[in-house]
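Okay, structure first, notes after.
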Amino acid sequence: MTRNTEDAANGPEAADRHSGGAQAADGGGAQAADGADRPLVHRVRERGITTLTLDSPRNRNALSSRLVTELYAGLEAAAADDETRAVVLTHTGRTFCAGADLSEARAGEAGTAAPLGLARLMRTIVELPKPVVARLTGHAMAGGIGLMGACDITVAAGGARFAFTEARLGLAPAVISLPLLPRLDARAVSRYYLTGEKFDAAEAARIGLLTLAADDVDAALEPVLDGLRKGSPQGLAESKKLATAEVLRAFDRDTGHLAETSARLFTSDEAREGMTAFLERRSPAWAR
């Protein structure tokens, strides 16, 4: 059986029934279900903006090894492209990124390799010399929130929903905290990390997860992208360094121990019960 954190995004009833989602990156990505022949990340450049589109809708754009490899290639190409002023990271389907395939995570990508891989991906986005803009017209859960949190500017449609449901599975939002904690409201972090509640785009903007919540995402992005097109490559790169300095300090300080925490939790008895219960569509033993 294959399930991932999109189930938690399908509505309050689904989230309550399935006890939430997992931390995508900390557990490793799911193998894409869309076939090996077509790309899972599309790259297009227009008027100085390179758009990278996650296109694995059948598994809700899970961070599979193949999708991550293609995403790296797209980011590296954009970084090396003198005509690119900024990168837009977006998606097909109802979900920006739902996280890991829990059956794969449960099968045991043991050790710190998977969480360190996610940390490296998020740091690549933070350190990219071009601004990275997340454009969401759907949900983000767990590791998907870490991915968008690494971006410099985030814009989502009003119907988007977000949740940190790791605690419901015996896990914690460990590695994804690296780009998030320096940017989010501390009281909101305590509430949403602990309760696993879903929250909407307006709340996500209030707590600092989003730059903008908008009914028309593309209209909201027009002045943002126009502003980025006017920036010089040097000016954008150096200005981004100022804005991301505190985030990079968190990566320098905390990556190792958070990756170890993630690996330890994923191999624990409670996490095995949490993920098994999720896959079996039942409440875990500790739920009251």
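The single condition from (1) in a helix (DSSP H, G or I); (2) within 12 Å of the chain's Cα centre (by Cα); (3) modelled with pLDDT of 95 or more that Ala202 fails is (2). One residue stands out in region 153-176 among those that are part of a loop (DSSP other than H, G, I, E, B) and hydrophobic (A, V, I, L, M, F, W, C): the one that is most open to solvent (accessible area, probe 1.4 Å), namely Ala172.
Annotation note: of Leu169, Leu178, Leu116, Leu184, the sole residue that is touching a Gly at 6+ places or on another chain (Cβ under 8 Å) and at pLDDT below 95 is Leu169.
Cβ separations smaller than 6 Å between residues 6+ apart or across chains give the following pairs from region 230-250 residues that are under 12 Å from Leu178 (Cα atoms) to residues that are open to solvent by less than 70 Å² (accessible area, probe 1.4 Å) and assigned to a loop (DSSP other than H, G, I, E, B): Glu246/Pro182; Val247/Pro182; Ala250/Pro182. Annotation: Glu197 fulfils all but one of (1) open to solvent by 50 Å² or more (accessible area, probe 1.4 Å); (2) of a type outside the set (Val, Ile, Thr); (3) more than 23 Å from the chain's Cα centre (by Cα); (4) within 22 Å of Ala98 (Cβ to Cβ); the unmet one is (3).
The residue of region 44-67 that is nearest to Ala134 (Cα to Cα), among those that are touching a residue at least 60 places away in the same chain (Cβ under 8 Å) and touching a Cys at 6+ places or on another chain (Cβ under 9 Å), is Asn61. Can you name the residue in region 83-98 that is of a type in the set (S, T, N, Q) and either in a strand (DSSP E or B) or open to solvent by 10 Å² or more (accessible area, probe 1.4 Å) (or both) and is also nearest to Gly143 (Cα to Cα) among such residues? So the residue we want is Thr95.
A single member of Lys230, Lys240 is in contact with an Asp or Glu (Cβ under 7 Å, 6 or more places away or on another chain) and charged (D, E, K, R), and it is Lys240. Filtered by the rule that a residue be surrounded by fewer than 23 Cβ atoms within 10 Å (Cβ to Cβ) and farther than 23 Å from His139 by Cα, region 50-82 gives Ala73, Glu76, Ala77, Ala79, Ala80, Asp81, Asp82.
Picking from residues in region 136-152 that are assigned to a strand (DSSP E or B) and over 19 Å from Thr124 (Cβ atoms), the one that is nearest to the chain's Cα centre (by Cα) is Met141.
Being of a type outside the set (Lys, Arg) and in a helix (DSSP H, G or I) is the filter here; which residues of region 57-73 pass it? Correct list: Pro57, Asn59, Ser65, Leu67, Val68, Thr69, Glu70, Leu71, Tyr72, Ala73. Within this structure, Thr244 passes the test of being within 26 Å of Gly138 (Cα to Cα) and either within 18 Å of the chain's Cα centre (by Cα) or not in a helix (DSSP H, G or I) (or both). Checking every residue in region 266-283 against the condition of being at pLDDT below 95, within 15 Å of Leu116 (Cβ to Cβ) and assigned to a helix (DSSP H, G or I) gives at least one match.
The values are calculated or read from the model by the stated rules, or taken from the named source; none is laboratory data. Here the structure is a predicted model, which means the values were calculated and not measured. Cβ coordinates were reconstructed from backbone atoms using ideal geometry, including for glycine residues, and neighbour counts include every protein chain displayed. All accessible areas refer to the heavy atoms of the entire protein, side chains included, with ligands and DNA or RNA removed. Shrake-Rupley method; radii C 1.70, N 1.55, O 1.52, S 1.80 Å.
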